[in-house]
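Just below is one structure, and these are the notes that go with it.
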Amino acid sequence: MEIQLSRIKEKLTGIQKYDKGLVVFGADSHGYQVGACVSIEEVAVLEQKYNIQLPEAYVAFVTQIGNGNSNENAYRESAAGPYYGIYPLGGGLEDLSMEDGEQFLSYPCLLDPDMCNDVWNRRVKEYNNTQQTRADYLKHTAALFGGLLPIGTQGDAAITCLVLNGKHKGRIVYLHDTYLSDFAHESNLLAWYERWLDELISGELVRDGGEDFGYALGGSNESLWLAYQESRTEKGQLLYLRTLLTRSTVSKEILDEIVEAIPKTANQVKLSLISIVAAKKFHVAIPFLEEQIEDNLLFVLQHIHWYAEDKAYWLPMLEYYKDKIDEIETYRFYTYIAAKATPDFGNLVLSKLTSPLVTMRQQTIFILGKLENRQAYASYFITALEDEDYYVVLYSIQALKGVKDERLPQAYAVVYQKYKNRAEDYYIIENLKHRLEEMQLTLEDLQA
């Protein structure tokens, strides 16, 4: 550990020269400054107060690297580090926003890198139960937050935490309010912190902004690709490939090898390989995507939406599937592409205006509102004003901006009568006012 501490001290000296413009996320807050170290006695006081034993690497950081920050812009006096930095010793406990949050520091940490979404969602549901007993509250709170010390924030309700006990003691966890938490891949805080320094020095964080630091593996692209080739488990292979996907660039040599590997793989590994090629050199991925259309249509549509420049190339596919999609997420991406593939895409989505699924009708009327020639679709918008769904009506009114039709005053009058006394439907009435202004009318005119 002493050798690693020496490396970190050396790298930290003058680290700001690698980001002179403070463009890395959070750098304008901590300014790459670190405050004076604390004593081991101060650490012991905190440990005794909360009945915990801090991980060795964290203790080494605050007693030998530094603690806090006197920079006036520093968020909660956080020392230089990933995101908004690292809280001073004992700081940030208010991030544990539950009642008596400090008591849960000494509880066992029950989080695990292999935890699935179903387990996490069940725990969140139990935690949010307003009818639970005090005993159940403690149990369910501990299941989510036990044994975690907040050491920094990422903003947007994401907290950087340190695991205080159990088999994952010392590891970094990114704790989120509404979705499954993520473990950083490093074994302790010093390894995590040194990786941050290394990626600053290499320029990777400056290029990418540092907003996703630690969610994927570290290391060079070459080492990741080699590790993928040597891995014997699908889980391991996917981990390396998903990290490669996050990289801003991948060399031609690696991409060529990925292209050669795609026909030899299957299932999720194949899809991950295709994703990398699509993200880095989309035209090369086209034949692989076309092979996946029948079995993985959502996957294909997502990658076209994210990476394809020439959406018109996919018009034959869009025409074929215009009446065949009954799942909202797939249909949503379908409409995104349709709207970019041709100026008049209405015929590709009109059939869903009569779908029994309200989400389909909502998405259809919303995307039709993006048409340049909305006047040609006036009848469809006017008919949609009669829909029972609030959002279908709202999106229809918005889409009718600039549209002229003698049927509109009567159609608007019907909408007004239906929604005028419903305070929760404020936006419908406000948008209705805008449409009436275009016609030099007012709400009073609709009652005449």
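None of the figures in this text is laboratory data; all of them are computed from the coordinates on show. On a predicted model such as this, the values are computed, not experimentally measured, just so you know. Glycine also receives a Cβ, built like all others from the backbone with ideal geometry; neighbour counts cover every protein chain displayed.
A few points about this structure:
- Net charge dipole size for the chain [Lys, Arg +1 and Asp, Glu -1 on Cβ; Debye, nearest 20]: 300
- Sparse-neighbourhood loop sites, GluC sites (Glu not before Pro) in the range 80-172 - DSSP loop, at most 13 other Cβ within 10 angstrom: Glu99
- Put in line by how crowded their Cβ is, counting other Cβ atoms within 10 Å and starting with the fewest, Ile276, Ile262 read Ile262, Ile276.
- Across the chain, the relative contact order, built from alpha-carbon pairs under 8 Å that are at least six residues apart, equals 9 percent.
- Straight-distance crosslink candidates among lysines, where the alpha carbon sits under 20 Å from Lys9 and sequence neighbours closer than 8 are dropped: Lys17, Lys20
- Net charge dipole size for the range 148-225 [Lys, Arg +1 and Asp, Glu -1 on Cβ; Debye, nearest 20]: 440
- Shape of the range 1-103, Cα gyration tensor, a/c cut at 1.5: oblate
- Candidates Leu239, Thr330, Gln440 compared by Cα position along the dipole of the range 221-446: farthest toward the positive end lies Leu239, with charges placed on Cβ.
- A Förster distance of 30 Å, applied to the separation of the beta-carbon atoms of Asp445 and Glu388, puts the FRET efficiency at 0.70.
- Asn221-Ile429 FRET efficiency (beta carbon distance; Förster radius 51 Å; 0.05 resolution): 0.40
- In the chain, helical runs assigned H by DSSP with n ≥ 4 each contribute -39500 (n - 2.57); averaged across all residues and rounded to the nearest 500, the mean residue ellipticity at 222 nm is -14500 deg cm²/dmol.
- Compared with the dominant principal axis of the Cα atoms in the chain, helix 390-399 is inclined by about 70°.
- For the range 244-324, GluC sites (Glu not before Pro) meeting the loop criterion (DSSP other than H, G, I, E, B) and having at most 12 other Cβ atoms within 10 Å: Glu294, Glu309.
- Exposure proxy shown here: for Ile52, Ile3, Ile328, the number of other Cβ atoms within 10 Å sets the order, fewest to most, as Ile3, Ile328, Ile52.
- Put a dot 7 Å past the Cα of Arg242, heading toward its Cβ, do the same for Leu180, and the two dots end up 0.7 nm apart.
- Order of Trp120, Trp196 under a 10 Å beta carbon neighbour criterion, fewest first: Trp120, Trp196
- The distance between label points at Glu253 and Glu2 comes to 3.9 nm (points 7 Å beyond Cα on the Cα→Cβ vector).
- Distance in nm between pseudo-label sites at Ile201 and Asp100 (7 Å out along the Cβ direction from Cα): 4.7
- For the chain, a/c is not less than 1.5, where a ≥ b ≥ c are the root eigenvalues of the C-alpha gyration tensor, and a/b tops b/c. That puts it in the prolate class.
- The angle separating the long axis of helix 282-292 from the principal Cα axis of greatest extent in the chain is about 70 degrees.
- Put the Cα centre of the range 95-154 next to the Cα centre of the range 39-91 and the gap is 23 Å.
- The value of relative contact order for the range 1-113, using C-alpha pairs under 8 Å at least six residues apart, is 27 percent.
- Qualifying trypsin sites (Lys or Arg not before Pro) in the range 3-76, where qualification requires a DSSP coil assignment and no more than 16 other C-beta atoms within 10 Å, comprise Lys20.
- Of the cross-linked pairs Lys352/Lys420; Lys125/Lys235; Lys280/Lys324; Lys235/Lys264; Lys324/Lys370, those separated by over 20 Å at the C-alpha level are Lys352/Lys420; Lys125/Lys235; Lys280/Lys324; Lys324/Lys370.
- Between helix 189-202 and the chain there is an angle of about 70 degrees, using the helix long axis and the longest principal axis of the Cα atoms.
- Förster-model FRET efficiency, 35 Å R0, Lys404 and His305, C-beta, rounded to 0.05: 0.60
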